[in-house]
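Undergrad: For reference, the structure I am asking about is given below.
The values are calculated or read from the model by the stated rules, or taken from the named source; none is laboratory data. Nothing here was measured: the structure is a model prediction, and the numbers come from that model. Cβ sites come from the backbone with ideal geometry, for glycine too, and all protein chains shown count toward neighbours.
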Amino acid sequence: MQDAFVRAAERWPRDGVPDNPGAWIVATAKNRAIDRIRREQTLARKTELLARAEALPDEEDAVIPDERLELLFACCHPALALDAHVPLTLSLVGGLTTPEIARAFLVPEATLAQRLVRAKRKIRDAGIPLRVPPEHLLPERLRSVLATIYLVFNAGYGPPVRRELCAEAIRLAALLATLMPDEVEAHGLHALLLLQDARRDARVSPDGELVLLEDQDRALWDEAEIAQGRAALDRSLALPGTGPYQLQAAIASLHAEPESDWEQIALLYARLAELQPSPVIELNLAVAVGKAFGAERGLAIADAIPGLDEYHLLHSARGHFLRELGREDEARQAYERALALAPSEVERRFLRQRLER
Amino acid sequence: MQYMLLIYGEDSGWKALTPEQQREMGAAYFAFTDELRASGKMVAGDALQPVATATSVRVRGGETLATDGPFAETKEALGGYYLIDVDTLDEAIGWAAKIPGAAYGTIEVRPIVTDYEAM
């Protein structure tokens, strides 16, 4: 896929990202990957999947391994209360105890126990099926399962970091990807979690504060885990279709390069913004476009995003662009606004440094 | 297992429709009922007269008290039901979503108690 990006970025004129760059680029990359992998590696892939299925750990105190996928879908069923999905998944599929889950989510044990009992009773009494949903229900249900696993990971990603939750989320994503090997987003999520987890030691400073990506000590990144993440991303890219987790994993993979390739990152954010429109993704797109194609174009995108006026990162990005464009007064105003809104000391310190310049 | 599909909607909803819309709605319900019956999953189903016809009954101290009106005065009222026999909640949700009234009001899906010992 990265080859396709390089090629496309070379072909497109510097002064214009096409209207729909993401679709084009993903399709191109995908076709090439499909050609390559489908033609040469069908047997190898099956052998590998089989090996990975066999390597899955048997959770002794959890459930029969054969039923874990069905259970996962039952735990994330839309007829269950949303706040029951994560604890139920950790309890029934992950094998965590109620006190462990209560501690991880800072919920009183009695509250959690009651939530779990109610949800389990509903699974039984309301006839929530223990099965992988049929084709017509699968896309929606799979989204719910993926979101639940991602929530488990984010709960552990911190700061404060809770390793065991991240590890559990990665185990669940690996399980899902192995048991549903044809689902592009199962591999996409697995890849994303591995690539994010690989940066865990560099992401938080010794005093517990968040370290921005560009300031992270890359020697602390887990290279082996990055390689695993990229392997999962390749498996995802070999399948038809795309999705938000796959695109985010591709972005994370590019950020793990010695030099971030901002043109490719901008293209991926453009595609992500199409699939999953949100102001925060637009802002990421603006930053990437600014880095790749110049501050003026980045600023134009940032200024067109509605509803982010209370979001410090919007003003921080605007400050950055305005300073690059030599509009110093406006840059200072933007940084001051960002400083007033920033929620953490690390970010305030960063913004004060910008203002002192 | 059996599920009751309870059809809630605005009690005045039917009257608010034009005669043309009422005919369309009626035809949609007939078509749905035919489809459900043909599938072999239908146990029962009826429409209820408007809430204005409701009488609430309570027995207190051995005395029967009948009063005008529904159990609870709400904007949305029970307007009808289907009782179906299907294998899973997913299937029940699928039928509930096909009820014409689901596009205007809410269908509450309730499993029927089968094992009184386990309650």
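Undergrad: Just checking, which of A:PRO181, A:PRO108, A:PRO159 is closer than 18 Å to A:THR242 by Cα and away from chain B (no Cβ under 14 Å)?
TA: Just a single option satisfies the conditions, and that option is A:PRO181.
Undergrad: Quick check: anything in the range A:306-321 over 29 Å from the mean Cα position of the chain (by Cα), surrounded by 18 or more Cβ atoms within 10 Å (Cβ to Cβ) and part of a helix (DSSP H, G or I)? Steps first, answer last, please.
TA: First, the residues of the range A:306-321 that are over 29 Å from the mean Cα position of the chain (by Cα): none.
There is no residue in the range A:306-321 that is over 29 Å from the mean Cα position of the chain (by Cα), surrounded by 18 or more Cβ atoms within 10 Å (Cβ to Cβ) and part of a helix (DSSP H, G or I).
For every residue, the table says whether it meets (1) at pLDDT below 95; (2) surrounded by fewer than 17 Cβ atoms within 10 Å (Cβ to Cβ).
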| residue | (1), (2) |
| --- | --- |
| A:GLN264 | no, no |
| A:PRO277 | yes, yes |
| A:ALA295 | no, no |
| A:ALA300 | no, yes |
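Undergrad: Wholly within the range A:176-292, which helices (runs of 4 or more DSSP H) include no fewer than the required count, namely at least 3 residues that are touching a His at 6+ places or on another chain (Cβ under 8 Å) and in contact (Cβ under 8 Å) with a residue 40 or more places away in the chain?
TA: Hits in the range A:176-292: A:223-237.
Undergrad: Can I ask one more? Which residues, counting only those in the range A:128-149, are facing another protein chain (nearest Cβ under 9 Å) and either among the hydroxyl-bearing types (Ser, Thr, Tyr) or free of Cβ contacts under 8 Å to residues at least 24 places away in the same chain (or both)?
TA: A:PRO134, A:HIS136, A:LEU137
Undergrad: Does A:PRO160 qualify as being in a helix (DSSP H, G or I) and over 22 Å from A:SER253 (Cα atoms)?
TA: no
Undergrad: Which number in (1) without any contact (Cβ under 8 Å) to a residue 60 or more places away in the chain; (2) among the aliphatic types (A, V, I, L, M); (3) touching a Cys at 6+ places or on another chain (Cβ under 7 Å) marks the one condition that A:ALA113 misses?
TA: The one condition A:ALA113 does not meet is (3).
Undergrad: Within the range B:40-50, which residues are touching a Ser or Thr at 6+ places or on another chain (Cβ under 9 Å) and either β-branched (Val, Ile, Thr) or more than 22 Å from B:ASP11 (Cα to Cα) (or both)? Give the steps one after another, and end with the answer.
TA: First, pick out the residues of the range B:40-50 that are touching a Ser or Thr at 6+ places or on another chain (Cβ under 9 Å): B:42, B:45, B:50.
Within the range B:40-50, B:MET42 is the sole residue that qualifies.
Undergrad: Of all residues being modelled with pLDDT of 90 or more and surrounded by 15 or more Cβ atoms within 10 Å (Cβ to Cβ) in the range B:11-32, which is nearest to the other protein chains (Cβ to nearest Cβ)? Just the residue, please.
TA: So the residue we want is B:PHE32.
Undergrad: Right, next: For B:GLU35, state whether it is assigned to a helix (DSSP H, G or I), surrounded by 10 or more Cβ atoms within 10 Å (Cβ to Cβ), among the acidic types (Asp, Glu) and more than 14 Å from every other protein chain (Cβ to nearest Cβ).
TA: Yes.
Undergrad: While we're on this one: Looking at A:LEU322, is it of a type outside the set (D, E, K, R) and either modelled with pLDDT of 95 or more or in contact with an Asp or Glu (Cβ under 7 Å, 6 or more places away or on another chain) (or both)?
TA: yes
Undergrad: While we're on this one: Report every pair of residues separated by at least 6 positions or lying on different chains whose Cβ atoms are under 6 Å apart, first residue within the range A:153-173 and closer than 21 Å to A:GLY188 by Cα, second among the small types (Gly, Ala, Ser) and not in a loop (DSSP other than H, G, I, E, B).
TA: These pairs meet every condition: A:PHE153/A:ALA169; A:LEU165/A:ALA104; A:LEU165/A:ALA155; A:LEU165/A:GLY156; A:CYS166/A:GLY156.
Undergrad: Only one of these is surrounded by fewer than 21 Cβ atoms within 10 Å (Cβ to Cβ), in contact with a strand residue (DSSP E or B) (Cβ under 8 Å, 6 or more places away or on another chain) and closer than 21 Å to A:PRO87 by Cα: A:VAL161, A:VAL211. Name it. Break it down stepwise before answering.
TA: Values: A:VAL211 fails: closer than 21 Å to A:PRO87 by Cα.
Of A:VAL161, A:VAL211, the one residue that is surrounded by fewer than 21 Cβ atoms within 10 Å (Cβ to Cβ), in contact with a strand residue (DSSP E or B) (Cβ under 8 Å, 6 or more places away or on another chain) and closer than 21 Å to A:PRO87 by Cα is A:VAL161.
Undergrad: A:GLU296 - would you say it is over 20 Å from A:GLU214 (Cβ atoms) and either in a helix (DSSP H, G or I) or within 26 Å of the chain's Cα centre (by Cα) (or both)? Give the steps one after another, and end with the answer.
TA: Working: over 20 Å from A:GLU214 (Cβ atoms): yes; either in a helix (DSSP H, G or I) or within 26 Å of the chain's Cα centre (by Cα) (or both): yes.
The answer is yes for A:GLU296.
Undergrad: Can you list residue pairs whose Cβ atoms sit under 9 Å apart, with the first residue in the range A:66-82 being more than 14 Å from every other protein chain (Cβ to nearest Cβ) and the second being acidic (Asp, Glu)? Count only pairs 6 or more apart in sequence or on different chains.
TA: So the pair list comes out as A:ARG68/A:GLU59.
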